[in-house]
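Here the structure is laid out as structure tokens; the discussion comes afterwards.
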Amino acid sequence: SNTLLGIATLRLRPPLAMTKNWAGMTHGEKLSMKNFFITSESDLKQFAFDFVKTLRGGEIIGLVGDLGAGKTTFVKYVAEALGIKKPVRSPTFIIMQVFTIPKITQSLNHSITRLAHLDAYRLKDYSELLTIGFLDYVNKPNMVIFIEWPNRVPEVRDLPGYREVRFAFNGEGRE
């Protein structure tokens, strides 16, 4: 069984400000659940930029939350923080997109050279994920993988480097 590296629960609840303590984490540090209160899209962007500072390569980040909760927007800002210029859209129908991180940003994030963004919503089971070559990207120090709807393929939670970011509504907005 793998050690859970961390679960973050994002909750949108004005007027509380988002706490920004992801940046000081060390790779492999065991985390307890933390709540980050996001009051605006600019807060979500700042959280994504801070989150990028914790990435070391080889991680799989499960993005859990309802439709429209901010999962794709979060990945868009992570990609922006990594210097990726291509537009990030939900890969609902193509299932997986892989982006190359520009060399200028690679030096800031150790050996990460690629970001994979997956949407498992339309998958029937884990075998469909394997069919598209998912394991070619797992546990690679040059990769970071973001998976929307990881509950559709729960086996990913047992893979090395798995963490989750949970997006939740509190009735006053989205995360």
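The values are calculated or read from the model by the stated rules, or taken from the named source; none is laboratory data. None of the values given here were measured: they were computed from a predicted structure. Positions of Cβ are backbone-derived with ideal geometry, glycine not excepted, and every protein chain shown enters the neighbour counts. Note: areas computed on protein heavy atoms with side chains; ligands, DNA, RNA excluded. Shrake-Rupley method; radii C 1.70, N 1.55, O 1.52, S 1.80 Å.
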**Message:** Report every pair of residues separated by at least 6 positions or lying on different chains whose Cβ atoms are under 6 Å apart, first residue within region 138-165 and within 13 Å of ALA116 (Cβ to Cβ), second in a loop (DSSP other than H, G, I, E, B) and among the hydroxyl-bearing types (Ser, Thr, Tyr).
**Reply:** ASN142/SER111; ASN142/THR113; MET143/TYR137; ILE145/TYR137
**Prompt:** Would you pick out the residues in region 146-167 that are open to solvent by less than 20 Å² (accessible area, probe 1.4 Å) and aliphatic (A, V, I, L, M)?
**Reply:** ILE147, VAL153, VAL156, VAL165
**Complete:** Apart from one, (1) modelled with pLDDT of 50 or more; (2) in a loop (DSSP other than H, G, I, E, B) all hold for PHE47; the odd one out is (2)
**Asked** Does PHE99 satisfy the criteria of being farther than 16 Å from ILE147 by Cβ and in a strand (DSSP E or B)?
**Response** no
**Item:** Evaluation of SER42 against (1) at pLDDT 50 or above; (2) open to solvent by less than 30 Å² (accessible area, probe 1.4 Å) (one fails), failing number
**Value:** (2)
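Return the total of residues in region 59-85 being outside any helix (DSSP H, G or I) and open to solvent by 10 Å² or more (accessible area, probe 1.4 Å).
Restricting attention to region 59-85, the residues satisfying the condition of being outside any helix (DSSP H, G or I) are 59-70, 82-85.
Right, trim to open to solvent by 10 Å² or more (accessible area, probe 1.4 Å) and you get 64-68, 83-85.
Of the residues in that region, 8 qualify.
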